[in-house]
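What follows is a short report on a single structure.
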Amino acid sequence: MDFSAYNLAQSGAGSLGGCLTLIDSDRLSPANLGRHILGISFLGRNKADGCAEYIRGQLPHLAIESRPLDATAILASLSGDLIIDATGEEPFSIALNHHALSRRPNFPPVLHAWIVGNGGVTQALLCDGPEHGCFKCQKPKLASEPRYRVLRPDSGNELQRNPACGDGLSPFPVSASMSAAALALDLVLAWNSGDLRHRYRTRVLDPDRSFQIKDMNLTPAPEYPACRTRNPRDQQIVEVIALIPDPERIHTRDRVYSFAIRVCV
Ligand SMILES: [Zn+2]
């Protein structure tokens, strides 16, 4: 969340009457310092609150809000023009995807960004309607490979130790976090400009362990028919948020290397 949130703020999120909202229930720990925009002065602070304070300090003209809450617990209240899920937590992404699909067309587009294979690959997918595949469509079966395999068979995905992190829980370097944030930002800017072109994007950082996948639009997966259905049953909407040239609002939930954001108008 941290890099992505700051990059979005630099791009205008929270300006022109909009608001950038960061959502995260975690507190900053020493293990986070090697890959987080916040430093030691924020140790023990809630990450959403800390990031909002940091961004307000650097870009005081923007409206930045924070919600120190678990995004899973407030799915029903999520709203806006765009929701960015950069939690990197597959169960949450699946839950958010299901929630979004069940409320189409009365739910904003959702952008998922994540890191694969100890930082060897970063990917992002924007889900904005039944014409294209959703998060489940890129990996219809939980225990199987994604439709477009990114990790080479012998690449492994074991956790590694990062000396800068202290507790051995960091499976990837900060460069992977920055790559994921950049990938998400490019998709947000493309979405905001109305020229999305490719909704499913991949950046390979370690070609020895990864396959190169072209940017593309995913087709809905036959194994996940729910993706093709429109379900306007629930009119409950959300708040208003704003973004780049227009007012926007971005909701972010941070977890270790990633962040969850959403932009709404
Ligand atoms: Zn789908």
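Where a number appears in this text, it was derived from the coordinates with a stated rule and is not lab data. As the structure is a computational prediction, the values presented were derived from the model and not from experiment. All Cβ positions, even for glycine, are placed from backbone atoms using ideal geometry, and neighbour counts span all protein chains on display.
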Q | Distance between modelled label sites at Asp195 and Arg228, nm, 7 Å Cα→Cβ extension | A | 3.3
Q.
Can you compute the modelled spin-label distance between Gln212 and Gln10, with each label point 7 Å from Cα toward Cβ, in nm?
A. 2.7
Q: Sorted from largest down, give the three principal axis spans of the alpha carbons of the stretch 72-138, whole angstrom values.
A: 36, 29, 18
Q: Pull out the extension gain between Glu145 and Ile74, defined as 0.36 nm times the separation in residues minus the alpha carbon to alpha carbon distance; nm, one decimal.
A: 22.6 nm
Q: Compute the Cα gyration tensor for the stretch 1-99, then decide on rounded, prolate or oblate, letting a ≥ b ≥ c be the square roots of its eigenvalues: rounded whenever a/c is under 1.5, prolate when a/b is larger than b/c in the other cases, and oblate in all that remain.
A: oblate
Q | Footprinting exposure proxy for Ser41, Ser175 (fewest neighbouring C-beta atoms within 10 Å first) | A | Ser41, Ser175
